[in-house]
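**Q** One structure coming up, written as structure tokens, with questions to follow.
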Amino acid sequence: MIPTTLQSMTRSNIGNVIRIAAATLLVVLLLPVSAMAQKHLWRQATDAELGAVLPARAPVEKEHIETEMRAASGITDGKGHFFAGVVLITAGYSADGKYSHYLITQIPLSMGGVFLAPGQYVFGWQRNGDAQLSVHIHEAITGKLLGNAVAHRMTTTNRVESLRIWPPMEKDANLALLQIGRFAVDCELKDR
């Protein structure tokens, strides 16, 4: 009798050990997947966060131009990195008609194919037919033209926004949208 009881107890213990080992292995294997999923959890920035990141007067070339904070928009990864923008009030400044928006990025990104390192930028735009805008992107401090991007008419919304930065969708964790009016340009967020 004793050997049979000992055998069944050993089998039971072995089964428990196998179950515990399998559960531990599963947790260890899922940790990197969980960490990768959290890496790109971009969300809309709050008004308080935007107020802390964006200036009330943006440094544009040799001037400090007032900004319209009610029209500010941006996204954050929740780890202190922002991509944000605001409308410039350019009336009376030399930038009038040249720039309309101020951007700050704390991560590298590509805006419609134009690479932007972390820094401060300004852009303006011109209509290019009914379905596109030509967006010219400049360094904020120097005014140097970095390139032109094309904003396409959005088909998913009728809402007009003076500026809106949309966080990446879950399926494409690095592609944000910058909306100007009814138009949008893709912004590919690069790894830090």
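**Q** Please report the net charge: other residues with Cβ closer than 12 Å to the Cβ of residue 63, K and R +1, D and E -1. Don't skip to the answer; put the middle values down first.
**A** Details: positive: 57, 62, 98; negative: 61, 66, 96.
Its environment carries a net charge of 0.
**Q** Oh, and also: Please give, to one decimal in nm, the separation of the simple spin-label points placed at residue 156 and residue 144, each 7 Å out from Cα toward the Cβ.
**A** Placing both labels 7 Å beyond Cα along the Cβ direction yields 3.4 nm.
**Q** List the aspartates and glutamates whose alpha-carbon lies under 20 Å from that of residue 98, not counting same-chain residues fewer than 8 positions away?
**A** Result set, ordered by chain and number: 61, 63, 66, 68, 139, 161.
**Q** Would you mind computing, in nm to one decimal, how far apart the modelled labels at residue 110 and residue 191 are, each placed 7 Å from Cα along Cα→Cβ?
**A** 1.5
**Q** Would you work out if the range 43-189 is rounded, prolate or oblate? Take a ≥ b ≥ c from the square roots of the eigenvalues of the alpha-carbon gyration tensor; rounded if a/c is under 1.5, else prolate when a/b is larger than b/c, oblate otherwise.
**A** Details: a/c = 1.43, a/b = 1.11, b/c = 1.28.
Here the range 43-189 falls in the rounded category.
**Q** On the principal axes of its Cα set, how long, how wide and how thick is the range 126-192? Give whole Å, largest value first.
**A** 36, 35, 16
**Q** On to the next question. Order of 84-91, 138-145 by packing, highest average Cβ count within 10 Å first?
**A** 84-91, 138-145
Since every read-out is calculated from the coordinates, none of them should be taken as a lab result. This one's a predicted model, so the numbers in the text were calculated from it and none came from an experiment. As a convention, Cβ positions derive from the backbone with ideal geometry for all residues, glycine included, and neighbour counts pool all protein chains shown.
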